[in-house]
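> Structure incoming, see below.
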Amino acid sequence: MLERDFFLRNTHTVAQELLGKYLYRQIDGQLFRGIISETEAYHGPEDLACHCAKGKTPRTEVMFEKGGKIYVYLIYGMYDMLNFTTMEEGFPAAVLIRGVMQPEILQDGKFVPLPVKTDGPGKLTKHFRITRELNKNLIHPKTGLWVEESRIKPVEIIRTPRIGVDYAGPWKEKPWRYLIKKL
DNA sequence: TATACGATCACCT
DNA sequence: GGTGATCGTATAC
């Protein structure tokens, strides 16, 4: 599994290096995994697209803590969004996991394809059963959500502006969305 | 206490 | 291309 140190670095570095790694989810005796294929960086109090730009609140508090924890929040009244916090204590930042490819489930000791779409942040959390109960927990097998290395090295990664942040003024155009163009 | 709206998705035309 | 679902959070009173 990835150690906590991995997440204590610059948010953009983390967002980029998460691509191609395995996201694991264990719950109720089931084990899911998928290759992280799309992320977005939300970095620092000045980033108006980041929830943390409005200061520390009960919801965003975890982003101000030492990185390596899970930040899950509800959006549009129906979708849970999965984030991994980054950076050292005191600097609020997180990476939004927007999607994974090749979702699988462990069956009889081997991973088999899971016939669902996990190519959006809401779809990912729905199928991997990721909810706000995980909020503020460590990214670790004992909480049922963690990341592992894979042998996959993305051939080409592209950057685009982030999705759904039109309200963020000049920050909406920053190319802080990272996705695998070619495996 | 009340109100407005969002880091989305599925379904419609 | 557009819209409705649905509710926690932030903000305003």
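The values are calculated or read from the model by the stated rules, or taken from the named source; none is laboratory data. The shown structure was predicted, so the numbers you read here are calculated from the model rather than taken from an experiment. Cβ sites come from the backbone with ideal geometry, for glycine too, and all protein chains shown count toward neighbours.
> Check A:Met63, A:Met81 and return the single one that is out of contact with any Lys or Arg (no Cβ under 8 Å at 6 or more places or on another chain), within 16 Å of DNA strand C (Cβ to nearest atom) and under 27 Å from A:Leu183 (Cβ atoms).
Working: A:Met63 fails: under 27 Å from A:Leu183 (Cβ atoms).
On inspection, the qualifying residue turns out to be A:Met81.
> Moving on. So A:Lys123 clears everything in (1) among the basic types (Lys, Arg); (2) within 16 Å of the chain's Cα centre (by Cα); (3) surrounded by fewer than 17 Cβ atoms within 10 Å (Cβ to Cβ) except one condition, right? Which one?
Condition (3) is where A:Lys123 drops out.
> Which residue is farthest from DNA strand C (Cβ to nearest atom), if the candidates are limited to the range A:50-60 and must be among the charged types (D, E, K, R) and in contact with a Phe, Trp or Tyr (Cβ under 9 Å, 6 or more places away or on another chain)? Reasoning before the result, please.
As a first pass, look at the range A:50-60 and keep what is among the charged types (D, E, K, R): A:54, A:56, A:59.
Those left that are additionally in contact with a Phe, Trp or Tyr (Cβ under 9 Å, 6 or more places away or on another chain): A:56, A:59.
Details: A:Lys56: 8, A:Arg59: 4 Å.
The extreme case among them is A:Lys56.
> Filter the range A:136-171 down to residues that are among the β-branched types (Val, Ile, Thr) and closer than 13 Å to A:Arg25 by Cβ and give me whichever is surrounded by the fewest Cβ atoms within 10 Å (Cβ to Cβ).
Applying the first criterion (among the β-branched types (Val, Ile, Thr)) to the range A:136-171 yields A:139, A:143, A:147, A:152, A:155, A:157-158, A:160, A:163, A:165.
The next check asks that each one be closer than 13 Å to A:Arg25 by Cβ; those that pass are A:139, A:143, A:147.
Values: A:Ile139: 23, A:Thr143: 15, A:Val147: 20.
Here the answer is A:Thr143.
Yes/no matrix, rows are residues, columns are (1) under 14 Å from the mean Cα position of the chain (by Cα); (2) under 23 Å from A:Pro103 (Cα atoms):
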| position | (1), (2) |
| --- | --- |
| A:Thr13 | yes, no |
| A:Glu17 | yes, yes |
| A:Lys21 | yes, yes |
| A:Leu31 | no, yes |
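> Just one of A:Glu46, A:Glu38 is surrounded by fewer than 16 Cβ atoms within 10 Å (Cβ to Cβ), modelled with pLDDT of 95 or more and at negative phi; which is it? Explain how you work it out, then say what you get.
Numbers: A:Glu38 fails: surrounded by fewer than 16 Cβ atoms within 10 Å (Cβ to Cβ).
Only one candidate passes the filter, namely A:Glu46.
> Right, here's the next one. If you check A:Ile70, A:Ile27, A:Ile75, A:Ile35, which single one turns out to be away from DNA strand C (no atom under 11 Å from the Cβ), out of contact with any Ser or Thr (no Cβ under 6 Å at 6 or more places or on another chain), hydrophobic (A, V, I, L, M, F, W, C) and farther than 20 Å from A:Thr143 by Cβ?
Numbers: A:Ile70 fails: farther than 20 Å from A:Thr143 by Cβ; A:Ile27 fails: farther than 20 Å from A:Thr143 by Cβ; A:Ile75 fails: away from DNA strand C (no atom under 11 Å from the Cβ).
Exactly one residue qualifies, and that residue is A:Ile35.
> I would also like to ask the following. Which of the residues belonging to the range A:6-51 are part of a strand (DSSP E or B), out of contact with any His (no Cβ under 8 Å at 6 or more places or on another chain) and of a type in the set (A, V, I, L, M)?
We begin by selecting, within the range A:6-51, every residue part of a strand (DSSP E or B); these are A:22-27, A:30-43.
Then keep just the ones that are out of contact with any His (no Cβ under 8 Å at 6 or more places or on another chain); that gives A:22-27, A:30-31, A:33-40.
Within the range A:6-51, A:Leu23, A:Ile27, A:Leu31, A:Ile35, A:Ile36 qualify.
> Let me ask you something else. For the range A:61-81, how many residues are on the phi < 0 side of the Ramachandran plot and near DNA strand B (Cβ under 8 Å from one of its atoms)?
Keep residues of the range A:61-81 that are on the phi < 0 side of the Ramachandran plot, which gives A:61-67, A:69-75, A:78-81.
Still in the list and also near DNA strand B (Cβ under 8 Å from one of its atoms): A:63, A:71, A:73-75, A:78-79, A:81.
Total meeting the criteria: 8.
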